[in-house]
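These notes are about the structure you will find just below.
Just so it is clear, none of the values below were taken in a lab; they were calculated from the coordinates. Computed from a prediction, not measured in an experiment: that's the story for all the values here. Reconstructed Cβ throughout: ideal geometry from the backbone, glycine too, with neighbour counts over all protein chains shown.
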Amino acid sequence: MLPSRIIATIDFVIYLKKLIRHTNISIISIALECGFSTDAQFCTIFKREIGETPRAYRILRSVIT
């Protein structure tokens with residue numbers, strides 16, 4: 001993978017993490033807005049990259065009160 005592609009991927013993952021932590025946007029809405037076909041596809045990839053599901057990530061790390 002090219003370095004520019006790696007950086008773009010890292011930036012995208014950081015963006016997804018921010019959306020999950022700092023907004024109340026539903027996981028399915030985030031998935032569809034970011035180009036995933038389904039929320040299941042998004043959840044699978046997110047878990048592979050981050051180590052936990054988007055829902056678990058939101059519950060454990062949300063900054064919204």
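For this structure, a couple of remarks:
- Test for Thr38: is it more than 11 Å from the chain's Cα centre (by Cα) and among the hydroxyl-bearing types (Ser, Thr, Tyr): yes
- Of all residues in the stretch 33-61 being in contact (Cβ under 8 Å) with a residue 24 or more places away in the chain and more than 16 Å from Thr23 (Cβ to Cβ), the one that is surrounded by the most Cβ atoms within 10 Å (Cβ to Cβ): Ile50
- Flag for Ser4 being surrounded by 11 or more Cβ atoms within 10 Å (Cβ to Cβ) and small (Gly, Ala, Ser): no
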